[in-house]
1. If neighbour count is taken as other Cβ atoms inside 10 Å, put Ser182, Ser154 in order from fewest to most.
2. Using Cβ contacts closer than 10 Å as the measure, can you line up Asp100, Asp210, Asp201 from fewest to most?
Amino acid sequence: MKAYICLVVLVCLGSVFAAETNKADEVAVKQYPGSPCDPLSPSPYQCIEGTFCLEVSPKVGICVVTRKRMANVEASPVTLVDFANPQTEQSSTLTFNGVDYVSGNAVDGNFNSDLINGETCAHTETEGHPWWRLNLLESRCIAQVGIVNRRDGSYVRLAGAEVLVGGIHRHERCGSPVSAESANIPGGMNLVICDPPIRGDEIVIHIPKDEATLQICEVLLWEVSTCG
Ligand SMILES: [Ca+2]
């Protein structure tokens, strides 16, 4: 009888542990693009298939959609730009329910992509050719730009957004415009690779359409030491 009770207890405990394991596995596969992840200890914070954990600071990463590294970017270390006093502006600013979705929200270090509840995204009015601009205050060689999209609806508006790097007299487009597929991921981090890296002291993100709305929850920049 004692042996039977022990067996029942062991079976029950085993079931509990199995359920906990399954729960952990379930959490692991729910790391969607834009989710924080741990680049050094990927389990259980694994990004879903088709994404990878991109390190943005020590022990902190973000699941991003694609990684298309070009040979000339790979040649030198790519490091995250740490801009202490970012100067930003945008073509217009949406005010909704008394909240101003100002340009600085896109570089405030807060990755919350819930635009309405988080109140940490930049948002223009719906207009022709909306833009957002970051003044780097010094010339840098930009290798890639990450744009965190909103997750609480209307995220497809980011489709067609382009990244420009340059200065007052000249801009070059970095990589390809944000695709409709990439913009369709709620809260997704859209990684735009500059190939080759582009030197400039300002970053412009714009949507070259007659009627569009630009909404950016966070921007990250990576640089290399030399351009070409
Ligand atoms: Ca933000």
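Readers should treat all values here as calculations from the given coordinates under stated rules, not as data from a laboratory. Here the structure is a predicted model, which is why all the values come from computation and not from measurement. Note that we place each Cβ from the backbone using ideal geometry, even for glycine, and neighbour counts take in every protein chain shown.
1. Final ranking by Cβ density, sparse to dense: Ser154, Ser182.
2. Least crowded to most crowded, the residues run Asp210, Asp100, Asp201.
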